[in-house]
There are 2 protein chains.
Amino acid sequence: MKVAIDAMGGDFGSLPLVEGVLLALKEKNFEAILVGNKEVLEPLIPAEFAKRIQIVHCEDFITMEEGATSALKRKESSIYVAIEMLKNKEVDAVVSAGHSGATMSLATLKVGRIEGVSRPAICTLMPRIDGKRSLVVDAGANVECKSENLFEFGIMGYEYATSVLMHHNAKIGILANGEEECKGNEITREASALLKKHPAFIGNIEGNNIFDSSVEVIVCDGFVGNIVLKTSEGVADSIVYLLRKYIKSSPIGIFGALFMKNVFRKLKKQIDYAEYGGAPLLGINGSVIICHGKSNAKAMKNAIFQAISTLENNINDKIFNAIKQYK
Amino acid sequence: MKVAIDAMGGDFGSLPLVEGVLLALKEKNFEAILVGNKEVLEPLIPAEFAKRIQIVHCEDFITMEEGATSALKRKESSIYVAIEMLKNKEVDAVVSAGHSGATMSLATLKVGRIEGVSRPAICTLMPRIDGKRSLVVDAGANVECKSENLFEFGIMGYEYATSVLMHHNAKIGILANGEEECKGNEITREASALLKKHPAFIGNIEGNNIFDSSVEVIVCDGFVGNIVLKTSEGVADSIVYLLRKYIKSSPIGIFGALFMKNVFRKLKKQIDYAEYGGAPLLGINGSVIICHGKSNAKAMKNAIFQAISTLENNINDKIFNAIKQYK
């Protein structure tokens, strides 16, 4: 199995990305292709890994500040080259912590969509209280959606949840402003009517249900999905910030916190996105994992494992069949 | 000052609502009018408060399970009677922990809108890391919005933030899927163009900015606002749940937590909605505060103080003038 890693464009440079590749190679058997500047990448690879890592050199990369559309013209950029390799079947998957809009646009236009899918979607994994993960589809790829798009997001998310995440009894819900059937906006109500064909569909769900283990596949447009992600991060970060502040301001709190280290470590592990890697881009004819720009080595390692797992589980065949069945 | 309290329809019955009224009466000078079933309410009022509390008897009330529209026909229900009293200027404000949709529909239709306001909005206070509160407008009243509605939400929220919450340099942001001007959906981009007239407008903001003290007035439609609220509650509840679970599962964690009580108490106080009361319904010709159905006595007390504060600050005159100025 060949995985291309866009080794440029992450928020912290190439080092954590390459370290993640090394961690992954220690645990699994696959071929790693680093796409990026050879002068930057070569010094980061220890001699014992030299045989299992290939570098595909390119000079350019897309920074986070650039528009996604400019990526389509930048043929020498690392993500362009990586996606081109996927298109030409020179690699089986692409993992990138660079510009997510660029990755998505290139993957959609170059690699193409699975037959029957009108719009690919970013499928982000969210922590929940039972230690498993729920899926938010779409988490930012499609700002304006039709009901048909939401319907497909539900089907694609379900296939990913059941086969890759092993949620054998996964449920699909549409994120809305209330559980009742009358709630939602025009588009979610229409999507609800379409999703009723799917036996796993449970109707409207609310924001808190993302975390309470009552539903596995949370369907929304990319505008709402992005807001949900950033809001969740914001709340978690604020609570951690306040806990730290209050602990530091009290000697007895500092003393107590010494005995809570294990508790905090477990909590951190459970809500840390690095534990599960990145977000698969569902609906394209290939395996593409989009990582957080701030990904550390562990997040990269897990993102590579995600890419391998989507391939091993033939997720794209399953999506193709499910879309055909329910449409 | 006369404040009508819808004393029925809360999730925990009338007791916490009446207790909140008693707490408020101990601290501030106002007349409390409890609207609800006399047989239920009278036994809850201690003799020493009998002179300062009037009961307006009615048999009916709207349960949380009913549709908001049915409220318009239920002339004997507590919220109908309370809103009717506001309309007839028999009271200055209404506070309700009952069915929020019913309260909103009745207030809008009976009491009417401030001239220039096309849609009233629920303005929910959110905790943030500096201990102050930011405002999410609209938090659920208007599911489908036009850009003009969002524009008015920004103006109304700003007036509330500056005069009632004392955010003298309040900033207005539109909640979107990215900070850049090109981000957002068609309606938020149009609203952005309208809000540029307002000197406090800073453009698009993201979900995490609600809590990081970078912006005070967060503008969104009620569909998104409700999802933001429920998502935030969900994350906070999940973290508290997991902390408790991990503490309980380790003897050393239990020991450490004993010394952290003060830390947890401070954290709880800062993120507890009961600390600030309810959500004002902005844009109607009167003062109406919508409370969480699960409001405890403290939340009710603070909601009553909010109602008094909106009156003392002439918030409706300020909204009228601001809408006229910027439209």
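Here are the numbers for the structure shown:
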{"item": "Hz values of 3J(HN,Hα) by residue in segment A:282-291 - Karplus curve (6.51, -1.76, 1.60), Gly and Pro given as x", "result": "8, x, 9, 6, x, 9, 10, 10, 9, 9"}
{"item": "In sequence order, calculated HN-Hα J values of segment B:33-39 (Karplus, 6.51, -1.76, 1.60; Hz; x Gly/Pro)", "result": "10, 7, 9, x, 6, 4, 5"}
{"item": "Net charge of Cβ neighbours under 11 Å - reference A:N142; Lys, Arg +1; Asp, Glu -1", "result": "-2"}
{"item": "Low-density loop positions, chymotrypsin sites (Phe, Trp or Tyr not before Pro), segment B:1-101 - DSSP coil, at most 16 other Cβ in 10 Å", "result": "B:F12"}
{"item": "3J(HN,Hα) from dihedral phi, segment A:17-22, Karplus parametrisation 6.51/-1.76/1.60, rounded to Hz, x for glycine, proline", "result": "5, 5, 4, x, 4, 4"}
{"item": "Point-charge dipole on Cβ atoms (K/R +1, D/E -1) for the protein assembly as shown, about Cα centre, debye to 20", "result": "1380 debye"}
{"item": "Computed FRET value (nearest 0.05) for B:E76 with A:E190, which takes r as the C-beta separation and R₀ as 41 Å", "result": "0.60"}
{"item": "Efficiency of FRET between B:K261 and A:K269 - r from beta-carbon atoms, R0 22 angstrom, step 0.05", "result": "0.35"}
{"item": "DSSP-loop trypsin sites (Lys or Arg not before Pro) across segment A:140-237, with at most 14 other Cβ within 10 angstrom", "result": "A:K196, A:K197"}
{"item": "Per residue accessible area in Å² of segment B:124-274, where ligands, DNA and RNA are left out and the probe is 1.4 Å", "result": "39 Å²"}
{"item": "Reach of B:K196 by Cα under 25 Å, taken over lysines that are not fewer than 8 positions away in the same chain", "result": "A:K230, B:K146, B:K171, B:K183, B:K318, B:K324, B:K327"}
{"item": "Volume of the Cα convex hull of segment A:124-274, divided per residue and given in Å³", "result": "117 Å³"}
{"item": "Residues of type aspartates and glutamates that A:K261 reaches as a straight line, Cα spacing below 17 Å, ignoring anything fewer than 8 places off in the same chain", "result": "A:D272"}
{"item": "For chain A, share of DSSP beta bridges that run antiparallel, in % to the nearest 5", "result": "25 percent"}
{"item": "Nearby lysines by direct alpha-carbon distance to A:K51 (threshold 19 angstrom, same-chain neighbours under 8 apart not counted)", "result": "A:K2, A:K26, A:K28, A:K38, A:K301"}
{"item": "P(r) tail fraction, the protein assembly as shown - alpha-carbon pairs more than 40 Å apart, %", "result": "35 percent"}
{"item": "Copy-to-copy label separations for B:K51, where each label sits 7 Å from Cα toward Cβ, in nm and ascending", "result": "9.6"}
{"item": "Reduced Cα scattering model of segment B:99-160, Debye log10 I(q)/I(0), q = 0.25, 0.29, 0.30 Å⁻¹", "result": "-1.14, -1.32, -1.35"}
{"item": "Accessible carbon and sulfur surface of the protein assembly as shown relative to its total accessible area, %, 1.4 Å", "result": "53 percent"}
{"item": "Calculated label separations, B:E115, copies of the chain, 7 Å along the beta-carbon direction, nm", "result": "6.5"}
{"item": "Efficiency of FRET between A:K51 and A:D130 - r from beta-carbon atoms, R0 35 angstrom, step 0.05", "result": "0.25"}
{"item": "Estimated buried accessible area (total), pair B and A, 1.4 Å, Å² to nearest 100", "result": "4600 Å²"}
{"item": "Square roots of five times the Cα gyration tensor eigenvalues for chain B, Å", "result": "31, 28, 17"}
{"item": "Positive dipole terminus of the protein assembly as shown, leading residue within B:A257, B:S14, A:Y158 (C-beta point charges)", "result": "B:A257"}
{"item": "Sparse-neighbourhood loop sites, GluC sites (Glu not before Pro) in segment A:111-154 - DSSP loop, at most 14 other Cβ within 10 angstrom", "result": "A:E115, A:E144"}
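The values are calculated or read from the model by the stated rules, or taken from the named source; none is laboratory data. All values derive from a computational prediction rather than experimental measurement. A quick note on method: Cβ atoms are made from the backbone with ideal geometry, for glycine too, and the neighbour counts reach across all protein chains shown. With ligands, DNA and RNA removed, areas are computed over all heavy atoms of the protein, side chains included. Shrake-Rupley method; radii C 1.70, N 1.55, O 1.52, S 1.80 Å.
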